[in-house]
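Some notes on the structure that comes next.
The values are calculated or read from the model by the stated rules, or taken from the named source; none is laboratory data. Everything numeric here is computed off the predicted structure, so don't read it as measured data. Heads up, the Cβs are rebuilt from the backbone with ideal geometry, glycines too, and the neighbour counts pull from every protein chain shown.
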Amino acid sequence: MTTRTVPDDREITAEALLQRVVELCQERKAEDVVVLDVRELVEYMDAMVICTGRSPRQNRAIAEHVMTQLKREHRVLPLSKAGHDAGAWICVDLVDVVLHVFEPEARAHYDLELLWADAERTEHETPVTEDDDDL
């Protein structure tokens, strides 16, 4: 029996992973999506994506969507995840990128943007779709 090697076209760079995480958050209507580039500050990750959901249920939907799609598209599994049951603050460690999904009150309380104020900050607006006009 012969074994053949199939090239894996699902590999993803850290930059592409970051962009895809932002897109996936936006697909689930995450609000106030912010990327903090922490490469100059720490060696154990490249960036943090911080976003807000309107409820624990939406937060879980955002985190699950990110994890499911990354697994399906690129075989990327989180190193760890925390807060999924409560849903007020969910943290998904994807090694190069760490995703934080907050309820508004938890985001204001922990204020990661202030804690990481030395990081380069990029804001990403959630695109408005035709379906949003009906709200």
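Residues of the range 28-77 that are charged (D, E, K, R), surrounded by 15 or more Cβ atoms within 10 Å (Cβ to Cβ) and under 17 Å from Val101 (Cβ atoms): Arg28, Lys29, Glu31, Asp32, Arg60, Glu64.
So which residues in the range 22-49 are within 20 Å of Pro104 (Cβ to Cβ) and assigned to a loop (DSSP other than H, G, I, E, B)? Passing the criteria: Arg28, Lys29, Ala30.
Close Cβ contacts (under 7 Å, 6 or more residues apart or on different chains) running from residues in the range 82-100 that are at positive phi to residues that are of a type outside the set (Val, Ile, Thr) and surrounded by 21 or more Cβ atoms within 10 Å (Cβ to Cβ) comprise Gly87/Asn59.
Filtering the range 76-87 to residues that are of a type in the set (A, V, I, L, M) and assigned to a loop (DSSP other than H, G, I, E, B) leaves Val76, Leu77, Leu79, Ala86. Inspection of the range 3-11 identifies no residue that is touching a residue at least 40 places away in the same chain (Cβ under 8 Å), over 10 Å from the mean Cα position of the chain (by Cα) and under 23 Å from Thr122 (Cβ atoms).
Ala61 meets all of the listed conditions (1) out of contact with any strand residue (DSSP E or B) (no Cβ under 7 Å at 6 or more places or on another chain); (2) in contact (Cβ under 8 Å) with a residue 40 or more places away in the chain but one, namely (2). Considering Ile90, Ile12, Ile62, the condition of being in a strand (DSSP E or B) and not small (Gly, Ala, Ser) is satisfied by Ile90 alone. Considered as a group, the residues in the range 62-115 that are under 15 Å from the mean Cα position of the chain (by Cα) and basic (Lys, Arg) include one that is nearest to Ala16 (Cα to Cα), and that residue is Lys71.
Let's see how each residue does on (1) part of a helix (DSSP H, G or I); (2) of a type outside the set (Val, Ile, Thr):
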| residue | (1), (2) |
| --- | --- |
| Cys51 | no, yes |
| Thr68 | yes, no |
| Val98 | no, no |
| Ala106 | yes, yes |
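In this structure, does Asp118 turn out to be modelled with pLDDT of 95 or more, under 25 Å from Thr13 (Cα atoms), of a type outside the set (Ser, Thr, Tyr) and within 15 Å of the chain's Cα centre (by Cα)? In short, no.
Check whether at least one residue in the range 86-103 is out of contact with any helix residue (DSSP H, G or I) (no Cβ under 9 Å at 6 or more places or on another chain) and exposed (fewer than 15 other Cβ atoms within 10 Å of the Cβ), and report yes or no. So far as the range 86-103 goes, no, none of its residues is out of contact with any helix residue (DSSP H, G or I) (no Cβ under 9 Å at 6 or more places or on another chain) and exposed (fewer than 15 other Cβ atoms within 10 Å of the Cβ).
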